[in-house]
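One structure is given here, and the rest of the page talks about it.
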Amino acid sequence: IFMLYRLPECERVCSGICISDSVPSVIMHSLFKLGYSEVNKLHCDAVLLSHHGSVANNSLALFKMIQCGKYIISADGINRHCLPNKGTIARIISASSERLVTLYFNYDDGRLVRMFKPDTQEYVKSIIDIHYLHDMEAIDF
């Protein structure tokens, strides 16, 4: 579930959590066993969301155990369940203690762009940075 990696050009260890298709209860149980909680959060540089950003696979309780400013979502918005779900994004914002949350998408699709326009309040727009990755583009840590 977890991955730790060291970037060759810097001395610090960067970390991330790849949730894959795990259900939140399994991840939370593992985090509790490692000593993490809402009070003692897992600090990481990036989170790859579970199941394409599905609201059913990404809980507010899980996000409250993680302190992170960068979330990666592998979804194009063109699928049977319209993933990622807005509810997942709302949970990330609600749980985040970071001033700015950056969402990385691996597709630059019109549906994803529209997801943040019509009913998004100005406050939410001020704390979210949307970034679409193109052609092997790397995420800067």
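Nothing in this text is a laboratory measurement; each read-out follows from the coordinates by a stated rule. What you are looking at is a predicted structure, and each value in this text was computed from that prediction instead of being measured. Please note: Cβ atoms are built from the backbone with ideal geometry, for glycine as well, and neighbour counts cover all protein chains shown.
What is the mean projected area of the alpha carbon convex hull for region 29-78, to one decimal in square nanometres?
Working: hull surface 15.0 nm².
Mean orientational projected area (region 29-78, Cα hull): 3.8 nm².
From the cross-link list 41/86; 33/86; 41/70, which pairs have alpha carbons spaced over 20 Å apart?
Working: 41/86 24 Å; 33/86 30 Å; 41/70 15 Å.
With Cα atoms farther than 20 Å apart: 41/86; 33/86.
In what sequence, highest mean first, do 23-30, 65-72, 100-107 appear when ranked by Cβ atoms within 10 angstrom? It would help to have the intermediate numbers written out before the result.
On the way: 23-30: 15.5, 65-72: 20.0, 100-107: 17.4.
Highest-to-lowest ranking by the protection proxy: 65-72, 100-107, 23-30.
Using the per-residue mean of other Cβ atoms lying within 10 Å as a proxy for protection, in what order, highest first, do the peptides 84-96, 38-50 fall? Don't skip to the end; give the middle numbers.
Numbers: 84-96: 18.9, 38-50: 16.6.
Ranked from most to least packed, the peptides come out as 84-96, 38-50.
More than 16 angstrom separation, counting every C-alpha pair in region 12-57; what % is that?
Values: 448 of 1035 pairs.
So the pairs more than 16 Å apart make up 43 percent of the total in region 12-57.
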